[in-house]
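Let me begin by presenting the structure, written as structure tokens, before commenting on it.
Each value in this text was obtained by applying a stated rule to the coordinates, not by laboratory testing. Computed from a predicted structure; not experimentally measured. Cβ: placed from backbone, ideal geometry, glycine included. Neighbour counts: every protein chain shown.
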Amino acid sequence: MVNKNNTDTYQFKQLSILIGQDGFLFYLHHQSADKSLSLEPLEVTDVLSTKSLNLFKKQLKTYKNLYEFTQLKLAFSNSFYSLVPEDYFQEEAKADYLKYNVKLFEEDQIVSEYIEGIKVYQVYIPLMNYHNAILEHFEEFEYEHFTHSLIKHALPHSFEPAQKLWVYVQPTHIDIIAFEGQKFKLCNSFNYETDLDLAYYVLFCVEELKFDQREAQLEIFHDLEDTSSIDTIKRYILNVKHEQQNLAAFIV
């Protein structure tokens with residue numbers, strides 16, 4: 001195991017943490033990609049419970065003691081967000097952008113962030129108990145919604161007029177990002193229970209976007225042991241790539 005006694009060889013630049021609905025993912029980024037390290041995940045049944053928060057605190061303290069890193073970045077993965085085009089965004093109206101699809105409470109802290117690549121504002125509710133748990137150990141760190149991280153990952157780097165979807169799979173939750181050429185088309189998140197649910201949501205998005213099932217390019221990132229849902233998708237989408245990946249690696 002790489003630890004603080006071996007920092008001459010391994011000086012990690014960032015610990016990335018994903019707070020998901022099913023648990024927590026941890027990933028250490030190194031300047032050399034082949035030295036980056038996927039850490040042991042922590043699964044929970046209710047991320048909002050005190051028990052889950054205490055488990056997170058214990059795991060965070062363990063990793064802080066084991067590894068040297070210079071930065072920490074946190075991302076929240078849930079459906080408590082909305083995307084607002086730049087021209088329509090008003091800071092004082094943040095709650096209005098969420099109230100129709102999220103149950104708001106008086107104590108909720110609503111955050112807005114500008115996503116340069118697609119010229120929209122993202123409005124979301126961070127889980128402040130986890131934010132504050134990290135503050136107990138680190139004075140400075142960054143945080144964002146996970147879909148912000150994913151949009152940056154999926155941004156096209158060429159002017160090829162291709163129809164592309166990126167699907168990021170967690171145990172009961174998926175995020176789907178779509179571009180057509182340079183044009184941003186979709187960012188949506190779904191909770192699912194079965195493999196058929198997962199396949200349905202992907203195919204539903206393809207149909208709603210009117211993407212060509214023979215021409216569209218689909219990339220799936222996951223940590224699934226059972227890939228039957230991917231096999232189902234392949235029956236309908238011709239160009240499908242999939243890769244097992246710790247999703248916290250996309251938090252950069």
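Annotations
- Each Cα pair under 8 Å and six or more residues apart adds its separation to the average, and for the chain the resulting relative contact order is 18 percent.
- Remark: for residue pairs Lys99/Lys183; Lys35/Lys73; Lys64/Lys152; Lys57/Lys119, the C-alpha separation exceeds 24 Å in Lys99/Lys183; Lys64/Lys152; Lys57/Lys119.
- Share antiparallel - DSSP beta bridges, segment 156-250, percent rounded to 5: 60 percent
- Simple rule: put +1 on each Lys or Arg Cβ and -1 on each Asp or Glu Cβ in segment 71-229, find the dipole, and look at Gly181, Tyr100, Tyr81; the Cα lying farthest toward the positive end is Gly181.
- Placing unit charges on each Cβ (+1 for Lys and Arg, -1 for Asp and Glu) gives segment 156-250 a dipole about its Cα centre, and among Val169, Val206, Thr232 the Cα reaching farthest toward its positive end belongs to Val206.
- Cα-projected label distance for Tyr114 with Lys61, points at 7 Å along beta-carbon direction, nm: 4.1 nm
- Mean separation of Cα contacts under 8 Å, 6 or more apart, over the residue count of segment 156-250: relative contact order %: 27 percent
- Asn132-Tyr100 FRET efficiency (beta carbon distance; Förster radius 25 Å; 0.05 resolution): 0.35
- Along the chain, the longest continuous region that contains none of the GluC sites (Glu not before Pro) in a DSSP loop with at most 11 other C-beta atoms within 10 Å is 1-105.
- Cβ charges +1 (Lys, Arg) and -1 (Asp, Glu), total dipole of segment 136-252, debye: 720 debye
- As an equivalent ellipsoid, segment 156-250 spans semi-axes of 20, 15, 12 angstrom, where each value is the square root of five times an eigenvalue of the C-alpha gyration tensor, largest first.
- FRET efficiency, Glu225 to Gln71 (Cβ-Cβ, R0 41 Å, nearest 0.05): 0.80
- Relative to the compact-globule estimate of 2.2 N^0.38 Å, the Cα radius of gyration of segment 195-252 comes out at 1.16.
- Shown in residue order for segment 235-248 are the 3J(HN,Hα) couplings computed by the Karplus curve 6.51 cos²θ - 1.76 cosθ + 1.60 at θ = phi - 60°: 5, 10, 10, 6, 9, 10, 10, 9, 9, 6, 7, 6, 5, 5 Hz (x for Gly and Pro).
- Cα-based radius of gyration for the chain, normalised by 2.2 N^0.38 Å, reads 1.04.
- You can think of it this way: the chain between Glu86 and Asp212 has 42.4 nm of extra reach, that is 0.36 nm per residue less the Cα-Cα gap.
- Theoretical ellipticity at 222 nm over the chain - DSSP helices of four or more residues, -39500 (n - 2.57) apiece, nearest 500: -7000 deg cm²/dmol
- Among beta bridges that DSSP assigns inside segment 133-198, antiparallel share in %, nearest 5: 100 percent
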